[in-house]
Protein chains: 4
Amino acid sequence: MAANTFGRVFCVTTFGESHGYGVGAVVDGVPPGLSLDASDIQKDLERRRPGKSGVSSARREPDRVEIVSGVFEGRTTGTPLLLFLKNEDVRSRDYEKIKNLYRPGHADYTYDMKFGVRDWRGGGRASGRETAARVAAGAVAKTILEKEGITITAYTVEIAGVRVRTFDSGEIDHNPVFAPDGAAAEKMVSMIESARKEGDSVGGMIEVSVLGCPPGVGEPVFDKLDALFAHAIMSIGGVKSVEIGCGIGCARMRGSVYNDPFVIRGGRIGTKGNNCGGILGGISTGERILLKAAVHPTPSIARTQDTVTEEGKPVSVSIEGRHDPCIVPRVVPVAEAMVACVLADCLLLQRRIKKSGG
Amino acid sequence: MAANTFGRVFCVTTFGESHGYGVGAVVDGVPPGLSLDASDIQKDLERRRPGKSGVSSARREPDRVEIVSGVFEGRTTGTPLLLFLKNEDVRSRDYEKIKNLYRPGHADYTYDMKFGVRDWRGGGRASGRETAARVAAGAVAKTILEKEGITITAYTVEIAGVRVRTFDSGEIDHNPVFAPDGAAAEKMVSMIESARKEGDSVGGMIEVSVLGCPPGVGEPVFDKLDALFAHAIMSIGGVKSVEIGCGIGCARMRGSVYNDPFVIRGGRIGTKGNNCGGILGGISTGERILLKAAVHPTPSIARTQDTVTEEGKPVSVSIEGRHDPCIVPRVVPVAEAMVACVLADCLLLQRRIKKSGG
Amino acid sequence: MAANTFGRVFCVTTFGESHGYGVGAVVDGVPPGLSLDASDIQKDLERRRPGKSGVSSARREPDRVEIVSGVFEGRTTGTPLLLFLKNEDVRSRDYEKIKNLYRPGHADYTYDMKFGVRDWRGGGRASGRETAARVAAGAVAKTILEKEGITITAYTVEIAGVRVRTFDSGEIDHNPVFAPDGAAAEKMVSMIESARKEGDSVGGMIEVSVLGCPPGVGEPVFDKLDALFAHAIMSIGGVKSVEIGCGIGCARMRGSVYNDPFVIRGGRIGTKGNNCGGILGGISTGERILLKAAVHPTPSIARTQDTVTEEGKPVSVSIEGRHDPCIVPRVVPVAEAMVACVLADCLLLQRRIKKSGG
Amino acid sequence: MAANTFGRVFCVTTFGESHGYGVGAVVDGVPPGLSLDASDIQKDLERRRPGKSGVSSARREPDRVEIVSGVFEGRTTGTPLLLFLKNEDVRSRDYEKIKNLYRPGHADYTYDMKFGVRDWRGGGRASGRETAARVAAGAVAKTILEKEGITITAYTVEIAGVRVRTFDSGEIDHNPVFAPDGAAAEKMVSMIESARKEGDSVGGMIEVSVLGCPPGVGEPVFDKLDALFAHAIMSIGGVKSVEIGCGIGCARMRGSVYNDPFVIRGGRIGTKGNNCGGILGGISTGERILLKAAVHPTPSIARTQDTVTEEGKPVSVSIEGRHDPCIVPRVVPVAEAMVACVLADCLLLQRRIKKSGG
């Protein structure tokens, strides 16, 4: 019911606003006996953290996570974790002057329509800052998945029309856009810089790849694994499409080309080809799971835009504040976290998790 | 929790298998006092029903719905509806000979991996027949939405590479592929026929358009309206992508082009342009909501394919049975139903439904 | 959310009205591979069935259950079961003349206040007939528990002030009131007969005992095992109290008497005494779980009572229809079923169920 | 699913351990525009706070609540509240020496059986300290209910066999046991003191009374209002019984006495008598709602008790630490809070809440 909660067994509830005291998550359903430390979470938060390079917002948040509950003597106890991140670099005055108008592409207007009241400081609850809590929760999910031999890798495949041409997973963390192709990454960065100089912003596409997921994970009918992924990824601000496997490309294929024949490989059943993206009938095949998502350009731009005030008066606005001219790289760790949460939830629901601890 | 249940307040649970006694849904959370009759549901079932034309399966199911509970003297009582559809034209012998092998592109293998047992008759629970129950539940949702002035229209926009070029909503129900362009529809039908003759199948794309949704509907964070739609649409067998508004196109736009400026129109706030697809921050703007989905080609094809048996022996298979060479038109009413269920659920959760009855 | 659904993993949704087409349940979350047959369910329904003796209603329902979905070749498939019971002996004319007034002790008035409409035939959805669906679902839960060596026994301990003095479990099914003491049962039956002759009704108390539940079952905090039992038992019409272990008696004990000391017994840890009723901190101790519940006298009595009509006019009423002068024995199998549903749900959630099938 | 979450629309998730950094709750589903301040919550926390008198634990927690999120400019925004209480007076060394044994009447053994690991400091998550978070959440619920004219009053009716004889609501907050009878309260306090001197503890009974609840609140079947109350109250540590209305007394009544006749009073429909406790068929009648609960004596006693260690070695133990010799008064505000949470949830689900704000 609660819109701020995600998951059935591995259950994440986030809270907090962009310019309030902080943001965080309660993570319920974590198996007991799991070795867990703030540093396990911190490394993922670093990837999402703003202020690291010219391509992201100048807001400088240390994003230091505290594990407030649920861990005793270095191990989870099976009780809820509270993960908390204090807001440090809050500068609300940028927002004071535009608090009465509706920024185009933002949730200001729709929050007002729904709630009749909103925290206008930096987007309040609708801010991308909320996703720091998701990344923290996702890091916990990933410690569960690692024990099962499952690894999740998200990366950028396109920004401002520049697509990656090669795939080197070792490259992903070595450029500010998380692209698996260093040369493409350089071009992406320069496209972002140009857009910023023109007071504009750009969009792009990301992919998430899951290796090591055993066959048989997911549920039929409404909670198909792909449906849960679509829900999770589309719940990230900025995402406008979700594709599984060959995605939109399937529309122009014939069945004889689309179908992935079953074969025996290494003594077990697999598929030749993977147009289905590792999921059939909502349940994993054991092959690589592949998801794609399009991310729209940052709505906050310096360029002058038309809009209206709360009272319905037409005005012009140029968004100042501190914004990423491209949020695609920031979505990468968040998408990775959401996929991790979905998989941990499905595995726990299905009782496939080996006993933790020891 | 339960994977066969969808929705929080307007809550649909489906049951039944392709070749069992029947399929159906329990719909809980329907407001009391709503005038409801089997014929209100029947008209939507007719649109999904197989056996109507050369483009769909030859299975002839009357799909006569019974309202077993929850209606008294022609009105809903606020208690759960049981909607039941008997299976009539069951011919399981087509499946008998292939029951030990895994059909490519189907859920046979993954169900076996998950459950260790499966009803191999016509795909059992994984069959598209389950979606008849969704259409029935969606028809109930639509009676709620109609009272609010909300109309949902789904249609085909592409099959086998043939795209619609014009949009005439009156045309949609006048061709077997539910396309809003009669000329395109003819070409689509002929492409489907060619594929069938070659023992093959084709895919395509559909759209769902929602008019009349007030601003402020949906939830923030995890249960964003677009996230719920993505979940709902991706849970339909055959769908491999979900897009909102301009969808994947946003990846190559700049912010200055992507953003939909707020304007005053007819005395109320609206947007000029609708790249966001009627949803900002997960909440409706009051503009038209637009969703797109790609549907893969039918996996059941007469052409010989490679696969393996349950015991892991490589074999060849040609799927006989009675299948649609293109499931795109069959997905149209199901997508419409799922969007209706999501919206009814969100409206009821938000207490925006006017008192029924009278 | 849905008020007609109970359970998280073992998930029961009931539907149907007293004088409609029938009642039933969808049971989702049943492990695959479980051997299941209508006769496994039928034997529990027989115990709840009306019309068996002078102490219960003269309504004669065969209560023949159909398993409409979820079972294939005699085994569950992991997909939802639809269990359906047709209503056969419906005689609504008894209710026609009182349809405009509110029967004291019944839900007529409160349903009208909540829904603004109600099915007045035999209480509609509020009828005890709904509990037949619970018994059917509980029978499925019991087949799961039996494999784990868990047995649940419910019985009557008091009717009309007559208490059992001895406990012989073999006696329970040999008298119409399900009492473990034959002599007391005879007196109870005669008290019920006297009340009936005087146009009146009587109440009583039941107990539910669970043997074989392993230690460690249940959840802390809000979903404590005793809290789930209290919810389940109090949701049965007619129940006005739920006690765990020594129950209300604990209020006058001292801690030194109340506490059950831990001891070693048969090589494992147990407690000496069981005032806590087999549950500490919401989690099972491995000792016998004991619940008690008080059941109010049947509100439908022939004796004249004061009440008001829907329009607020004071009137007198004598309830004719066909009613049990004492519903205590009818609650016994329902309580047993609800306890079984809670335990199956907790065990499945906790992944303690051994693999079914084979 | 998540055992640390309660409620469907008004949704409370608690976290934290007795001797960790603190305890708290995320409250999701609070209507926007509600005026809310830490002091609104603080006054209820004061009632539950230990260290106030000789009858409670000597642990001195200021229990200062912080509203970390969800409130902006003094009003709720419709986004989740994080309510946090730091632990200040933590003295874990009392527990160090008994960390390897299972305290009788406590959850040490069952947590070990369930989780295989536990925070032994002061009971960890199973400590009564968790209930401070419930009281904080309940205070928020009460601000919602107050706007609807609903008031909830909990009080003690019996301790150590001493029952209240008079009812003066003004007296409740003027004695340390929250009894509505000053003379009885004095005797209760002296009984508690005697028990403490003898190294022992005592139990008792509480009641919760709800005035102003409109008719028609609650759900039928599984989520009956009384079933939700039973769940909520039984989830409080120490509670062993829950009764509604005349409760256990109904077992010995006849229907002609038990039934509450409907009458017209003050122009509206009500009942003469209230044996049903303000609830019929799981839905409120509009009369006073009355609940009763028995609370067992504190399991932590100084007197020597037999128990076993984690390794199964029989030992003797005398619990030192700082404990309440009677937890009945501490349960009073917690029960009040839980009843408030249930009612706020039911009202919000039912859309009966008047628009907040203004």
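Laid out as a table, the results:
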{"read-out": "Where a residue in region C:252-270 is touching a residue at least 12 places away in the same chain (Cβ under 8 Å) and its partner, wherever it lies, is surrounded by fewer than 20 Cβ atoms within 10 Å (Cβ to Cβ) and of a type in the set (A, V, I, L, M), with Cβ under 8 Å and at least six apart", "value": "C:269/C:263; C:270/C:263; C:270/C:264"}
{"read-out": "Residue check for residue D:71: surrounded by fewer than 24 Cβ atoms within 10 Å (Cβ to Cβ), closer than 28 Å to residue A:73 by Cβ and of a type in the set (Val, Ile, Thr)", "value": "no"}
{"read-out": "Qualifying residue in region D:157-175 (condition: of a type in the set (Phe, Trp, Tyr) and touching a strand residue (DSSP E or B) at 6+ places or on another chain (Cβ under 8 Å))", "value": "no"}
{"read-out": "Within region A:234-283, considering residues that are polar (S, T, N, Q), at the interface with chain B (Cβ under 7 Å from one of its Cβ atoms) and touching a helix residue (DSSP H, G or I) at 6+ places or on another chain (Cβ under 8 Å), the one farthest from residue A:223 (Cα to Cα)", "value": "A:241"}
{"read-out": "Some residue of region A:217-224 being within 14 Å of residue A:290 (Cα to Cα), more than 7 Å from chain B (Cβ to nearest Cβ) and hydrophobic (A, V, I, L, M, F, W, C)", "value": "no"}
{"read-out": "Region B:299-324 - residue that is assigned to a loop (DSSP other than H, G, I, E, B), in contact with a Ser or Thr (Cβ under 7 Å, 6 or more places away or on another chain) and facing chain A (nearest Cβ under 8 Å) and, of those, nearest to residue B:171 (Cα to Cα)", "value": "B:301"}
{"read-out": "Boolean, residue C:316 is closer than 23 Å to residue D:251 by Cβ and hydroxyl-bearing (Ser, Thr, Tyr)", "value": "no"}
{"read-out": "In region D:288-298, the residues that are in a loop (DSSP other than H, G, I, E, B) and surrounded by fewer than 24 Cβ atoms within 10 Å (Cβ to Cβ)", "value": "D:288"}
{"read-out": "Test: residue in region A:199-215 that is under 30 Å from residue B:101 (Cβ atoms), touching a strand residue (DSSP E or B) at 6+ places or on another chain (Cβ under 9 Å), within 7 Å of chain B (Cβ to nearest Cβ) and at pLDDT 95 or above", "value": "yes"}
{"read-out": "Residue in region D:72-90 that is of a type in the set (Lys, Arg) and over 19 Å from the mean Cα position of the chain (by Cα) present", "value": "yes"}
{"read-out": "Members of region B:119-142 found to be in contact with a strand residue (DSSP E or B) (Cβ under 8 Å, 6 or more places away or on another chain) and either among the hydroxyl-bearing types (Ser, Thr, Tyr) or assigned to a loop (DSSP other than H, G, I, E, B) (or both), listed by number", "value": "B:119"}
{"read-out": "Test for residue B:292: is it more than 7 Å from every other protein chain (Cβ to nearest Cβ), of a type in the set (D, E, K, R) and under 30 Å from residue A:106 (Cβ atoms)", "value": "yes"}
{"read-out": "Failed criterion for residue A:134 (all others in (1) touching a residue at least 24 places away in the same chain (Cβ under 8 Å); (2) closer than 21 Å to residue A:299 by Cα hold)", "value": "(2)"}
{"read-out": "Failed item in (1) at the interface with another protein chain (Cβ under 7 Å from one of its Cβ atoms); (2) farther than 30 Å from residue C:159 by Cβ, with residue C:227 passing the rest", "value": "(2)"}
{"read-out": "Selection count, region B:217-242, where residues are on the phi > 0 side of the Ramachandran plot and within 19 Å of the chain's Cα centre (by Cα)", "value": "1"}
{"read-out": "Subset of region A:273-287 (residues that are surrounded by fewer than 19 Cβ atoms within 10 Å (Cβ to Cβ) and either in contact with a Lys or Arg (Cβ under 7 Å, 6 or more places away or on another chain) or touching a residue at least 24 places away in the same chain (Cβ under 8 Å) (or both))", "value": "A:274"}
{"read-out": "Qualifying residue in region D:133-152 (condition: among the small types (Gly, Ala, Ser) and within 9 Å of chain C (Cβ to nearest Cβ))", "value": "no"}
{"read-out": "Options B:28, B:63, B:37; residue that is within 18 Å of the chain's Cα centre (by Cα) and either acidic (Asp, Glu) or facing another protein chain (nearest Cβ under 7 Å) (or both)", "value": "B:63"}
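Here is a yes/no grid of residues against (1) in contact with a Ser or Thr (Cβ under 7 Å, 6 or more places away or on another chain); (2) surrounded by fewer than 20 Cβ atoms within 10 Å (Cβ to Cβ); (3) under 30 Å from residue B:187 (Cβ atoms); (4) away from chain A (no Cβ under 14 Å):
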site: B:82; (1), (2), (3), (4): yes, no, no, yes
site: B:88; (1), (2), (3), (4): no, yes, no, yes
site: B:92; (1), (2), (3), (4): no, yes, no, yes
site: B:108; (1), (2), (3), (4): no, no, no, no
site: B:114; (1), (2), (3), (4): no, no, no, no
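Per-residue answers, yes or no, for (1) surrounded by 22 or more Cβ atoms within 10 Å (Cβ to Cβ); (2) within 27 Å of residue A:5 (Cα to Cα):
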site: A:173; (1), (2): no, no
site: A:191; (1), (2): no, no
site: A:198; (1), (2): no, no
site: A:203; (1), (2): yes, no
site: A:209; (1), (2): no, yes
site: A:224; (1), (2): yes, yes
site: A:227; (1), (2): yes, yes
site: A:252; (1), (2): no, no
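The values are calculated or read from the model by the stated rules, or taken from the named source; none is laboratory data. As the structure is a prediction and not an experimental result, all values here were calculated from the model. Neighbour counts are summed over all protein chains in view; Cβ atoms, including those assigned to glycine, are modelled from backbone coordinates with ideal geometry.
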